[in-house]
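Novice: Here's a structure for you.
The values are calculated or read from the model by the stated rules, or taken from the named source; none is laboratory data. In this text the structure is predicted, and so the values were computed from the model without any measurement. Quick reminder, even Gly has a Cβ in these numbers, built from the backbone with ideal geometry, and neighbours come from all protein chains shown. For accessibility, only protein heavy atoms count, side chains too; no ligands or nucleic acids. Shrake-Rupley method; radii C 1.70, N 1.55, O 1.52, S 1.80 Å.
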Amino acid sequence: MTKSVFDTRDSIRAGELTATAAAEDALRQVEQVNPQLDAATEILREEALEQAAELDRRLESGEEPGPLAGVPFTVKSNICTLYGRTTAASRIIENHVSPYEATAVRRLREAGAVCVAKTNLDEFGMGSSTENSSIKITKNPWETNHVPGGSSGGAAALCSATRGMLHLGSDTGGSIRQPAAYCGVTGLKPTYGRVSRYGLLAFASSLDQIGPLQHSALECALVLEAMAGVDEMDCTSRNVEVKDYVESASRDISGMRLGIAPELFPEGVDSEVRERVEQAIEVLRGLGAEVKEVSLPNARYANPAYVLVSAAEASSNLARYDGVHFGHRTKEAEDLVALYKSSRAEGFGPEVKRRIMIGAFVLSSGYYDAFYLKALKVRKLIRQDFETALGEVDAVVCPTSPITAFPIGERMDDPMKLYAVDVLTVPANLASLPALSLPCGLSGDGLPIGMQLYGRAMEDDVVLRIANAFQSETEHHLQAPPVNAWGGGGEA
Amino acid sequence: MCAEKKLDPLENSAYEAVVGLEVHVQLNTRTKMFCRCENRFGAEPNTNVCPVCLGWPGALPYANREAIEQSLRAVLACGCEVGEFSKFDRKNYYYPDLPKGYQISQYDQPLGLGGQVDFLLDGEKAGVRLTRIHLEEDAGKNTHVAGRPVSFVDLNRAGTPLLEIVTEPDISSAAEAGAFLRNLRLIMLYLGVSDCNMEEGSLRCDVNVSIRPKGAQHLETRAEIKNLNSFNFIEKALHYEVSRQIDLKERGEEVVQETRLYDPERDETRSMRGKEAEHDYRYFPEPDLTPVTFTREQLEDIRSSLPELPAARLQRYTSELGLEDYPADLLVRDHEAAIFFDACIELYPKARSAANWILNSLKEEANSRKTGISSLGLEPGRFVDLVKAVDDGVVSSQKGREVLKPMLESDKPVAEIISELGLEQISDDSELREQVEKVLSEHPGPVEDVRAGKKNSVNFLVGQVMKETRGKANPGKVAEMIGEILSA
Amino acid sequence: MSIEVTDELVEKIAVLSRLDLTREELDGFKEHFEKVLEYVGELQELETDGVDPSLFTSEASNVLRSDEGTPSLPNEVALRPSPDSEPPYFLVPRIIGDAESSEN
């Protein structure tokens, strides 16, 4: 079966497919590719089939089981689900089963979707390769010696290699978009506040958002529609109307203004990446979009500012993992302080420790103004840059990552090399804007290249619409990776 | 209050004390500050908890509007400046009663800055300036059992709203600290924002103490004393700590800046070992919450809706209602009594009678039941009926007290209780005259004395009449009648 | 601002972060600190005097809830994820200093 989420949904609604059969198919796909990809941290066969059977009972009795009835979905392991472990790929909560559920997950479940697997990530979302997982390293289905990107690498790899499922990831500095680009799928980081963060294990609270990784912008629109909206458990969720995203994404883009900022095509961008994105921009121009240059003078400072802000928040957000009320507690602690220090030292991986240390440093007395406060001021300048640019155009187009997926291990020796990969994605998080990555071709090595669209706050529909217009015209998003669950090569 | 007066170490000393307080007031919202658990004392441990106040991974705070409104009432009542923008910050430190590893508090933009609390100290006007008032979440509670190497953690209190009131180091004695705190407590009670129950910990206080040569202007190294949960302990701890610091200086040693714990059993303060000496709370704005902003109009609305505060009430009782200073002060200090009193004088404007009856008889009844006046369940209307009955001579003041008890035990009208107990005064003059004449004829000696001008004998005769009538005569009237008869 | 990353500084941060680190790890973090400081150093070239820091992400303020309760969790659920408990309490090694509660 090689079909879209819409096909799965419609077949179930039409009674041509049972929820159980859909779940079985999804489980089969995940079980088939997972030995090669290590994308799922847990496959929830028993629980998923139980849920599906219950849905089938309700469907049979004529109940209205929700708009996504029977559609299988996967959840990144830093998002709370009632079954399956929510570990953030960290030893410090390696056996943690959340006693409550994230709002985004609850909304999908209440719409009738069935969670079939939890997916791998860089520990607590800290990384761009999924190599920083305490559980296992996920592989890229296009080239299994290469990373899938990160931190939502599990979701991206699984999405790429399977069909007909929803995948939830989270994005703090590019963690949905960059793996989406590396795995040749479409990923949306919604506007900050569009989707509730309740139940998302915080990395950097002011930057984190939950979003979908899918095969098309329309599938992303469907997931967003089901998840978005104000939540009484997250006061940073915004009370702004939830649009019919599928409908609004389906409109054409003639007359839309697209901005190109030279600052988002910096020197480090690989020439093949640059070429593919430029070709894609030509396609959009051909669809009636007007293209003009805009300026984001402070964008080059985004990554350093991001490194400081995200680490500062992380150092505080991860303080709760101290071995007292939940999670790992060291076996040998003479006193309370030793218990804290050893539990945390044993539980966190090296990259998480690095970020905690940097974060504690930039907030500590004597350094706050020079680093943290400075970064917040730069953040303000970047926000203002985008406000100005997006006053002139409807969206800004740029590459998602300067490079394509890199070989596993290549950037592990120097964390700074890994940070550099985020330069084009972090501005969206700093500016709280919606941003989407979509495939726009392959490199000479056969690795996917992603193009990125930045939109105005709460205009998630606009980036979805541009992406959908592109995908209606091209077939990059339909190309199948060598490792896939339907035995297809080339096109799906 | 009733503590034995220990010798004040500052008396005849070359030093003076410089004291500042950090007062914590638990707000009495229905739910906690950042989650929807009940804000209640006394529940089974770890049952008023949820993912948010347990600090579970992924949970987020959501601020309680009522807590902010209550805080603003307190802030405005204390005369603080309120900025148009305020925010919450994270204060990062590790402790088992703090499940998130940080406390949501307020750092550089608290709800209130400045302010002052005025009060009377030994009849003199005094005032303590406030530095700031901010709103934060309380921590849980750790308990220890002797002989076991563990501590128990209860998070019921974690996340409950707590107002922190910080004073300038304006206080120079234990008595002044006590007077300030009592007055602050009263203000909070009047505002209805806290029950300020020290036993249950809803009013707590840390004390910063240093000493310096008398008359000096500079501040010297201070010690902070924690764990003071009664007025008595605060005064004792201050006395102990000041003595300790004087002894140190006299021996040529230095006071160390540290946190000390008051041990009421040994009546001493001890250095808190084991706490990391170096603190660096790494405050930063709480990204999970939105800032709070106020318009001048909103603040004005709150200010104008503040209830009458203790100082204004005292003023009204003395100058408008004509109460003496002493009973007026007693009423004001007992918020429940003051509320009851105000309800009574709405119905019956003889303020002195009502005050008298409340402060003597009614408070006695409340005290004997170890409760407050409001818990007696007495309707002000029924109480006024009794006061009126006494004022009108229906029942004697003495017998009136006997009426009060059954009033508290049944809903019967006051008149009915008086008549059931047969306590009405003899209002029929001819009946009374008969009794008086009988007594006069039975006591010719005293009658002679009265005629000779001995006033005391009138009282004796009145007493005899009261005895004969089993207290149902109006003594004033009896005396008048005796005078009439004997001068005839 | 130029900062010399000393052993003491890294050790102090490790204490603040409650991380028990080996000498080798501390040395590694020291090197990392230096690299990060160099990387973020370019922020210093940006003139930000008079720029309002972006303290909060959204423009929203006063997103508050009403003072209405929802049921709390049963004790056994609250204690379930805990590594050590003795119902109805969480259990930790004895706290030195005998403070009933942390400071506020």
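Novice: Within the stretch A:83-105, which residues are away from chain B (no Cβ under 12 Å) and either open to solvent by less than 10 Å² (accessible area, probe 1.4 Å) or not aromatic (Phe, Trp, Tyr) (or both)? Step through it out loud before you land on a result.
Specialist: Start the filter on the stretch A:83-105 by keeping residues that are away from chain B (no Cβ under 12 Å), which leaves A:83-84, A:89, A:91, A:94-95.
Once the filter is applied, which keeps residues that are away from chain B (no Cβ under 12 Å) and either open to solvent by less than 10 Å² (accessible area, probe 1.4 Å) or not aromatic (Phe, Trp, Tyr) (or both), the stretch A:83-105 yields A:Gly84, A:Ala89, A:Arg91, A:Glu94, A:Asn95.
Novice: Please pick out the residue among A:Glu24, A:Glu60 that is farther than 29 Å from A:Arg194 by Cα and at pLDDT below 95.
Specialist: Values: A:Glu24 fails: at pLDDT below 95.
Just one listed residue meets the conditions, A:Glu60.
Novice: Another question, if that's okay. Touching a helix residue (DSSP H, G or I) at 6+ places or on another chain (Cβ under 9 Å), more than 7 Å from every other protein chain (Cβ to nearest Cβ) and under 23 Å from B:Gly101 (Cα atoms), is that true of C:Val5? Walk me through how you get there before you give the answer.
Specialist: Working: touching a helix residue (DSSP H, G or I) at 6+ places or on another chain (Cβ under 9 Å): yes; more than 7 Å from every other protein chain (Cβ to nearest Cβ): yes; under 23 Å from B:Gly101 (Cα atoms): no.
In short, no.
Novice: So, B:Ser457, is that one over 30 Å from B:Leu378 (Cβ atoms), polar (S, T, N, Q), under 49 Å from the mean Cα position of the chain (by Cα) and open to solvent by less than 80 Å² (accessible area, probe 1.4 Å) or not?
Specialist: Working: over 30 Å from B:Leu378 (Cβ atoms): yes; polar (S, T, N, Q): yes; under 49 Å from the mean Cα position of the chain (by Cα): yes; open to solvent by less than 80 Å² (accessible area, probe 1.4 Å): yes.
Here the answer is yes, as B:Ser457 does meet what is asked.
Novice: Please enumerate the residues belonging to the stretch A:455-485 that are out of contact with any strand residue (DSSP E or B) (no Cβ under 9 Å at 6 or more places or on another chain) and either open to solvent by less than 10 Å² (accessible area, probe 1.4 Å) or of a type in the set (Asp, Glu) (or both).
Specialist: Of everything in the stretch A:455-485, those that are out of contact with any strand residue (DSSP E or B) (no Cβ under 9 Å at 6 or more places or on another chain) and either open to solvent by less than 10 Å² (accessible area, probe 1.4 Å) or of a type in the set (Asp, Glu) (or both) turn out to be A:Glu473, A:Ala485.
Novice: Being touching a Lys or Arg at 6+ places or on another chain (Cβ under 6 Å), of a type outside the set (Gly, Ala, Ser) and either surrounded by 24 or more Cβ atoms within 10 Å (Cβ to Cβ) or more than 15 Å from A:Thr74 (Cβ to Cβ) (or both): is that true of A:Asp171 here?
Specialist: Details: touching a Lys or Arg at 6+ places or on another chain (Cβ under 6 Å): yes; of a type outside the set (Gly, Ala, Ser): yes; either surrounded by 24 or more Cβ atoms within 10 Å (Cβ to Cβ) or more than 15 Å from A:Thr74 (Cβ to Cβ) (or both): yes.
Taking the combined requirement at face value, the residue satisfies it.
Novice: Ok, one more. Give the residues of the stretch A:230-245 that are crowded, with 18+ Cβ neighbours inside 10 Å, in contact with a helix residue (DSSP H, G or I) (Cβ under 9 Å, 6 or more places away or on another chain) and in a loop (DSSP other than H, G, I, E, B), sorted by residue number.
Specialist: Once the filter is applied, which keeps residues that are crowded, with 18+ Cβ neighbours inside 10 Å, in contact with a helix residue (DSSP H, G or I) (Cβ under 9 Å, 6 or more places away or on another chain) and in a loop (DSSP other than H, G, I, E, B), the stretch A:230-245 yields A:Met233, A:Ser237, A:Lys243.
Novice: A further question on this structure: Looking only at helices (runs of 4 or more DSSP H) that lie completely in the stretch B:390-448, which have at least 3 residues being outside the structural domain of B:Lys350 (by TED's automatic domain parsing) and under 17 Å from B:Gly463 (Cα atoms)?
Specialist: Details: elements: B:397-409, B:414-420, B:429-442.
Per the criteria, B:429-442.
Novice: If B:Asp108 meets every condition in (1) surrounded by fewer than 22 Cβ atoms within 10 Å (Cβ to Cβ); (2) at the interface with another protein chain (Cβ under 9 Å from one of its Cβ atoms) apart from one, which number is that one?
Specialist: Among (1) surrounded by fewer than 22 Cβ atoms within 10 Å (Cβ to Cβ); (2) at the interface with another protein chain (Cβ under 9 Å from one of its Cβ atoms), B:Asp108 violates only (2).
Novice: Taking interchain pairs and intrachain pairs at least six residues apart, which have beta carbon atoms under 9 angstrom, with the first residue in the stretch B:368-395 and over 17 Å from B:Leu347 (Cα atoms) and the second charged (D, E, K, R) and part of a loop (DSSP other than H, G, I, E, B)?
Specialist: Every condition considered, the pairs that remain are B:Gly372/B:Asp334; B:Ile373/B:Asp334; B:Ser375/B:Arg369; B:Leu376/B:Arg369; B:Val394/B:Glu424; B:Val395/B:Glu424; B:Val395/B:Lys472.
Novice: Same structure, new question: Is the stretch B:292-307 home to any residue that is open to solvent by less than 40 Å² (accessible area, probe 1.4 Å), without any contact (Cβ under 8 Å) to a residue 12 or more places away in the chain, of a type in the set (Asp, Glu) and part of a helix (DSSP H, G or I)?
Specialist: Taking the stretch B:292-307 first, the residues open to solvent by less than 40 Å² (accessible area, probe 1.4 Å) are B:292, B:294, B:299, B:302, B:306.
Cutting the leftovers down to without any contact (Cβ under 8 Å) to a residue 12 or more places away in the chain gives us none.
No, the stretch B:292-307 contains no residue that is open to solvent by less than 40 Å² (accessible area, probe 1.4 Å), without any contact (Cβ under 8 Å) to a residue 12 or more places away in the chain, of a type in the set (Asp, Glu) and part of a helix (DSSP H, G or I).
Novice: Condition (residue is of a type outside the set (A, V, I, L, M), away from chain C (no Cβ under 14 Å) and surrounded by fewer than 15 Cβ atoms within 10 Å (Cβ to Cβ)) applied to the stretch B:267-276: is it met by at least one residue?
Specialist: First, pick out the residues of the stretch B:267-276 that are of a type outside the set (A, V, I, L, M): B:267-271, B:273-276.
Checking which are away from chain C (no Cβ under 14 Å) leaves us with B:267.
With surrounded by fewer than 15 Cβ atoms within 10 Å (Cβ to Cβ) added as a condition, the list becomes B:267.
Among the residues of the stretch B:267-276, at least one is of a type outside the set (A, V, I, L, M), away from chain C (no Cβ under 14 Å) and surrounded by fewer than 15 Cβ atoms within 10 Å (Cβ to Cβ), which makes the answer yes.
Novice: Among all residue pairs at least 6 apart or on different chains, which show Cβ distances below 9 Å where the first residue, located in the stretch B:42-58, is within 7 Å of another protein chain (Cβ to nearest Cβ) and aliphatic (A, V, I, L, M) and the second is open to solvent by less than 10 Å² (accessible area, probe 1.4 Å) and not in a loop (DSSP other than H, G, I, E, B)?
Specialist: B:Val49/C:Ala78; B:Leu54/C:Ala78
Novice: Within the stretch A:116-168, count every residue that is of a type in the set (Ser, Thr, Tyr), buried (at least 24 other Cβ atoms within 10 Å of the Cβ) and in contact with a Gly (Cβ under 6 Å, 6 or more places away or on another chain). Give the steps one after another, and end with the answer.
Specialist: Going residue by residue through the stretch A:116-168, those that are of a type in the set (Ser, Thr, Tyr) are A:119, A:128-130, A:133-134, A:138, A:144, A:151-152, A:160, A:162.
Cutting the leftovers down to buried (at least 24 other Cβ atoms within 10 Å of the Cβ) gives us A:119, A:128-130, A:133, A:138, A:151-152, A:160, A:162.
With in contact with a Gly (Cβ under 6 Å, 6 or more places away or on another chain) added as a condition, the list becomes A:119, A:128-130, A:138, A:151-152, A:160.
Number satisfying all stated conditions: 8.
Novice: Right, next: Taking B:Arg282 and the conditions (1) in a helix (DSSP H, G or I); (2) at the interface with another protein chain (Cβ under 9 Å from one of its Cβ atoms), which numbered condition does it fall short on, given that it satisfies the others?
Specialist: (1)
Novice: Please count how many residues of the stretch A:246-301 are in contact with a Cys (Cβ under 9 Å, 6 or more places away or on another chain) and either basic (Lys, Arg) or surrounded by fewer than 16 Cβ atoms within 10 Å (Cβ to Cβ) (or both).
Specialist: Number satisfying all stated conditions: 2.
Novice: Oh, and also: Strands (runs of 3 or more DSSP E) wholly in the stretch A:380-474 with at least 1 residues that are away from every other protein chain (no Cβ under 14 Å) and among the hydroxyl-bearing types (Ser, Thr, Tyr) - which ones?
Specialist: Numbers: elements: A:395-399, A:435-442, A:448-455.
Output list reads A:435-442, A:448-455.
Novice: Output the number of the condition that A:Ser315 fails; it satisfies all remaining conditions of (1) touching a Leu at 6+ places or on another chain (Cβ under 8 Å); (2) farther than 30 Å from A:Arg344 by Cα.
Specialist: Just one mismatch for A:Ser315, condition (2).
Novice: So, one more: Being in the same structural domain as B:Ala174 (by TED's automatic domain parsing) and open to solvent by less than 10 Å² (accessible area, probe 1.4 Å): is that true of B:Ala43 here?
Specialist: Working: in the same structural domain as B:Ala174 (by TED's automatic domain parsing): yes; open to solvent by less than 10 Å² (accessible area, probe 1.4 Å): no.
No; evaluated as a whole, the condition is false for this residue.
Novice: While we're on this one: Could you please tell me which pairs satisfy a Cβ distance under 8 Å, a separation of 6+ or placement on different chains, a first residue in the stretch A:267-283 that is within 15 Å of A:Ser401 (Cα to Cα), and a second residue that is open to solvent by 50 Å² or more (accessible area, probe 1.4 Å) and in a loop (DSSP other than H, G, I, E, B)?
Specialist: A:Glu272/A:Gly444
Novice: So how many residues does the stretch A:359-379 have that are open to solvent by 20 Å² or more (accessible area, probe 1.4 Å) and not in a helix (DSSP H, G or I)?
Specialist: Count: 3.
Novice: A further question on this structure: Can you tell me which residue within the stretch B:58-107, out of those that are in contact with a Pro (Cβ under 7 Å, 6 or more places away or on another chain) and among the polar types (S, T, N, Q), is farthest from B:Pro291 (Cα to Cα)?
Specialist: Pass one, the stretch B:58-107, residues in contact with a Pro (Cβ under 7 Å, 6 or more places away or on another chain): B:59, B:64, B:67, B:85-87, B:89, B:104.
Next, from what is left, pick out any that are among the polar types (S, T, N, Q): B:64, B:86.
On the way: B:Asn64: 13, B:Ser86: 6 Å.
Only one residue tops the list, namely B:Asn64.
Novice: Further question: Count, please, the residues in the stretch C:86-104 that happen to be modelled with pLDDT of 60 or more and over 19 Å from A:Asp335 (Cβ atoms).
Specialist: Of the residues in that region, 2 qualify.
Novice: Next question, about the same structure. Among the residues of the stretch B:122-147, count how many are modelled with pLDDT under 90 and charged (D, E, K, R).
Specialist: Let us first name the residues in the stretch B:122-147 that are modelled with pLDDT under 90, namely B:122-125, B:144-147.
Cutting the leftovers down to charged (D, E, K, R) gives us B:122, B:124-125.
Qualifying residue count for the region: 3.
Novice: How many of the residues in the stretch A:329-357 are facing another protein chain (nearest Cβ under 7 Å) and open to solvent by 10 Å² or more (accessible area, probe 1.4 Å)? Explain how you work it out, then say what you get.
Specialist: Of all residues in the stretch A:329-357, those facing another protein chain (nearest Cβ under 7 Å) come to A:329, A:333, A:335-336, A:339-342, A:344-345, A:353-354, A:356-357.
Then drop every residue that is not open to solvent by 10 Å² or more (accessible area, probe 1.4 Å), which leaves A:329, A:333, A:335-336, A:341-342, A:345, A:353-354.
Residues meeting the conditions: 9.
Novice: Name, by its number, the condition in (1) within 30 Å of A:Arg238 (Cβ to Cβ); (2) modelled with pLDDT under 95 that does not hold for A:Lys3.
Specialist: (1)
Novice: Let me ask another. Considering only the stretch B:92-162, give the strands (runs of 3 or more DSSP E) lying wholly within it that have at least 3 residues that are over 19 Å from B:Cys50 (Cα atoms) and of a type outside the set (D, E, K, R).
Specialist: B:116-121, B:124-137
Novice: Exactly one of (1) open to solvent by 10 Å² or more (accessible area, probe 1.4 Å); (2) more than 7 Å from every other protein chain (Cβ to nearest Cβ) is unmet by B:Asp89. Its number?
Specialist: (1)
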